[in-house]
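Below is one structure, written out as structure tokens; the observations come after it.
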Amino acid sequence: MSEPRLPSVDEQVRVEKQARKPAAVEGPLARLGNVPHLGLVFALVLLAAVGLVTVPDTFATASNMVSILSLAATIGVITVGATFVIIGGGIDLSVGAIMALASVWATTLATQSYGPFVMIVCAVLVGTGAGLVNGLLISYGRMVPFIATLAMLVAARGLAQRMSDRRTQLVQQGNEMIVELSTSRVLGIPVLVYIFALVVIAGGCC
């Protein structure tokens, strides 16, 4: 068995020089490639540019910006929770369907003359129960998160359609608190946007 060949003196000197050589300076484009979520920022800028070019008279107005924030507030609150799931390496496909089910269940109680607090507690319990089922299936049932949450998506969506009879449900009189929560503004900004901002701050502090 032959002995291992030791590196020559010239080869050792070359390796040491290579180690002392300063790293190559990255150009501006290379540094941009290291910016996280650059693609999402580019897509947002592109959408804003399309809006400014196509409808400049209405897109860049304060009322339109407030409307966009108000519409995004509900989904934004859900995305804060979904962010923690994604950070943990999981996935949840059922968040939208669970939100619809909780909303339908709460408004069904409203049509039966229940007060706003009962509606809120019902919506929280429905969301908590559905999330608990997902967690038990994934943690103890050893189901793949994609499959478990996909099944919950189909089940929650079907139950919501069954309960609402595929009709739009409206909150009637006696639940002014819910109506005011969705329509009231403070300093010209809807209360829903403030709630969204508080949830984002709380999520960022966790």
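The values are calculated or read from the model by the stated rules, or taken from the named source; none is laboratory data. It should be emphasised that the depicted structure is a prediction, and the values quoted were computed from it without experimental measurement. Cβ: placed from backbone, ideal geometry, glycine included. Neighbour counts: every protein chain shown.
Descriptive notes on the structure:
- Where a residue in segment 39-65 is among the hydrophobic types (A, V, I, L, M, F, W, C) and its partner, wherever it lies, is surrounded by fewer than 11 Cβ atoms within 10 Å (Cβ to Cβ) and assigned to a loop (DSSP other than H, G, I, E, B), with Cβ under 9 Å and at least six apart: Val41/Val35; Ala62/Gly188
- For segment 75-114, the tally of residues that are polar (S, T, N, Q) and modelled with pLDDT of 85 or more stands at 4.
- One residue from Ile147, Ile178, Ile195 being in a helix (DSSP H, G or I), surrounded by 11 or more Cβ atoms within 10 Å (Cβ to Cβ) and modelled with pLDDT of 90 or more: Ile147
- Residues that are in contact with a Phe, Trp or Tyr (Cβ under 7 Å, 6 or more places away or on another chain), part of a helix (DSSP H, G or I) and outside the structural domain of Ser182 (by TED's automatic domain parsing) are absent from segment 128-139 altogether.
- Of all residues in segment 161-171, those satisfying the criterion of being surrounded by 12 or more Cβ atoms within 10 Å (Cβ to Cβ) and either at pLDDT below 65 or not in a loop (DSSP other than H, G, I, E, B) (or both) are Gln161, Met163, Ser164.
- Taking segment 55-78 as the range and being of a type outside the set (A, V, I, L, M, F, W, C) and in a helix (DSSP H, G or I) as the test, the residues that pass are Pro56, Asp57, Thr58, Ser63, Asn64, Ser67, Ser70, Thr74, Gly76.
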